[in-house]
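Below is one structure, written out as structure tokens; the observations come after it.
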């Protein structure tokens, strides 16, 4: 067995170990901040370590197939949970965690073997574009989780409104930067900054959707619908990410 295959096999072992550890977090999510934070931090580091092993095995950025894509999106969600780990709402934390956990489990259905990057991925713009996209998706998931938590609160709602606003604002900023890199990648890979491709079109749709979300504060009649809009945004996000990349023919589809 060559070194590359050994590294991938080890990464798969670590993946299943992380599945078990993330499962334990469902209970620890109700504990004190320091306990749940450092436990999750440790698991995320192992998760990233397993991803790094795959990168070393193929000698390139380890985001070349469906398994690695779902795993990377889950990692972005868990990292954001670490950033917001002091948030008091258990519903918010566990909703955000639940999305990442679901995608991490979802990765299990895809092949986990060696997968080398095709020529169109061999550019720095791909490496810059995709991780930023996942992190902005995680920010929009955070807005959805805050909206869900807000529905169960009878008292002060401003902390949840702030989380929704943070998700809208920072997610759009990160996604805008990601789209710039994506356009440059498109030019290098396909000779055009824009294509009439399902993934590209839905990326434009979701950009306009969250750009509109930022302006709801200036429309008093619509402002109260921000939590509902945040939850609707999650549906559009799933269509943009999963629908176009996995189930609709697209130049962005993973193998």
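From the list 143, 75, the lone residue that is outside any loop (DSSP other than H, G, I, E, B), within 19 Å of residue 48 (Cα to Cα) and in contact (Cβ under 8 Å) with a residue 12 or more places away in the chain is 75.
Table: residues versus (1) crowded, with 24+ Cβ neighbours inside 10 Å; (2) more than 19 Å from residue 54 (Cβ to Cβ); (3) at pLDDT 95 or above; (4) more than 17 Å from the chain's Cα centre (by Cα).
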position: 82; (1), (2), (3), (4): no, yes, yes, no
position: 91; (1), (2), (3), (4): no, yes, no, yes
position: 98; (1), (2), (3), (4): no, yes, yes, no
position: 102; (1), (2), (3), (4): no, yes, yes, no
position: 111; (1), (2), (3), (4): no, no, no, yes
position: 130; (1), (2), (3), (4): no, no, no, no
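Determine if segment 35-43 includes at least one residue that is under 20 Å from the mean Cα position of the chain (by Cα), surrounded by fewer than 20 Cβ atoms within 10 Å (Cβ to Cβ) and under 21 Å from residue 245 (Cβ atoms). No, segment 35-43 contains no residue that is under 20 Å from the mean Cα position of the chain (by Cα), surrounded by fewer than 20 Cβ atoms within 10 Å (Cβ to Cβ) and under 21 Å from residue 245 (Cβ atoms). Out of curiosity, is residue 200 in a helix (DSSP H, G or I), modelled with pLDDT of 95 or more and under 18 Å from the mean Cα position of the chain (by Cα)? The answer is no for residue 200.
Determine whether segment 133-146 contains at least one residue that is out of contact with any strand residue (DSSP E or B) (no Cβ under 6 Å at 6 or more places or on another chain), surrounded by fewer than 18 Cβ atoms within 10 Å (Cβ to Cβ) and not assigned by TED's automatic domain parsing to the domain that holds residue 70.
There is no residue in segment 133-146 that is out of contact with any strand residue (DSSP E or B) (no Cβ under 6 Å at 6 or more places or on another chain), surrounded by fewer than 18 Cβ atoms within 10 Å (Cβ to Cβ) and not assigned by TED's automatic domain parsing to the domain that holds residue 70.
Taken as a whole, the condition of being over 23 Å from residue 94 (Cα atoms) and either surrounded by fewer than 24 Cβ atoms within 10 Å (Cβ to Cβ) or not assigned by TED's automatic domain parsing to the domain that holds residue 75 (or both) does not apply to residue 154. Kindly indicate whether any position in segment 15-37 is out of contact with any helix residue (DSSP H, G or I) (no Cβ under 9 Å at 6 or more places or on another chain) and at pLDDT 95 or above. Scanning segment 15-37, I find at least one residue that is out of contact with any helix residue (DSSP H, G or I) (no Cβ under 9 Å at 6 or more places or on another chain) and at pLDDT 95 or above, so the answer is yes.
The values are calculated or read from the model by the stated rules, or taken from the named source; none is laboratory data. Worth saying up front: this structure is predicted, and the values here are computed from it rather than measured. Quick reminder, even Gly has a Cβ in these numbers, built from the backbone with ideal geometry, and neighbours come from all protein chains shown.
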